[in-house]
């Protein structure tokens, strides 16, 4: 009997490690694609522009305009690097918890991505595994910046709640600017939201109504001790 329990625990532990490994691989692919799209291409463009300008015998007439464009491109590269660094090591979640990390994101989003966010969350800590908390925070940032903002949403409501052993993160596009435009499932698939949540035993739900607009709900199991998780 004891052998069977131990064998079951080892099997479940291996399955958990395999899911985490798969999630890490998906994150590496996503970051590699982001580095290529947002950094490598811009650096190539900047290098080409500088090379063409340096080959001229005298500065062009619009030299000042070119310098401003290059400075803007460098600022964009710096922002992309900060975002990628944050995804690689989101220390704010580990140090201050998921709720405070979301509130920090809401405050900084107006400046960084030109989107006004509000956060609804309980004062008590949400019971969620650290690994899952980091993933939820990362997915929230990507959905807001890469999907909502890209669709023209200027106001987003972020609600974090824990009910019946499940932690839910609701992202609402509360903005009339969308009109009849709705967030499509393909947008979530592009950043592998469903696959990433599957590795956490979670799920994603996309809904829409005239009153609330588009709503993306991310759900994961609440925190369980390792002893219970492998029993």
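Structure above, values below:
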quantity: Total residues in the stretch 142-153, condition surrounded by fewer than 22 Cβ atoms within 10 Å (Cβ to Cβ) and either closer than 12 Å to residue 215 by Cα or in contact with a helix residue (DSSP H, G or I) (Cβ under 6 Å, 6 or more places away or on another chain) (or both); calculated: 2
quantity: Selection count where residues are surrounded by fewer than 18 Cβ atoms within 10 Å (Cβ to Cβ) and over 12 Å from residue 143 (Cα atoms), scope the stretch 187-205; calculated: 6
quantity: When residues of the stretch 21-50 are limited to those that are modelled with pLDDT of 75 or more and in contact with a helix residue (DSSP H, G or I) (Cβ under 6 Å, 6 or more places away or on another chain), the one nearest to residue 146 (Cα to Cα); calculated: 39
quantity: Matching entry among 105, 96 (being at pLDDT 70 or above and within 13 Å of residue 141 (Cβ to Cβ)); calculated: 105
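The values are calculated or read from the model by the stated rules, or taken from the named source; none is laboratory data. Model, not experiment: these values are computed from the prediction. Here the Cβ is made from the backbone with ideal geometry for all residues, glycine too, and neighbour counts use every protein chain on show.
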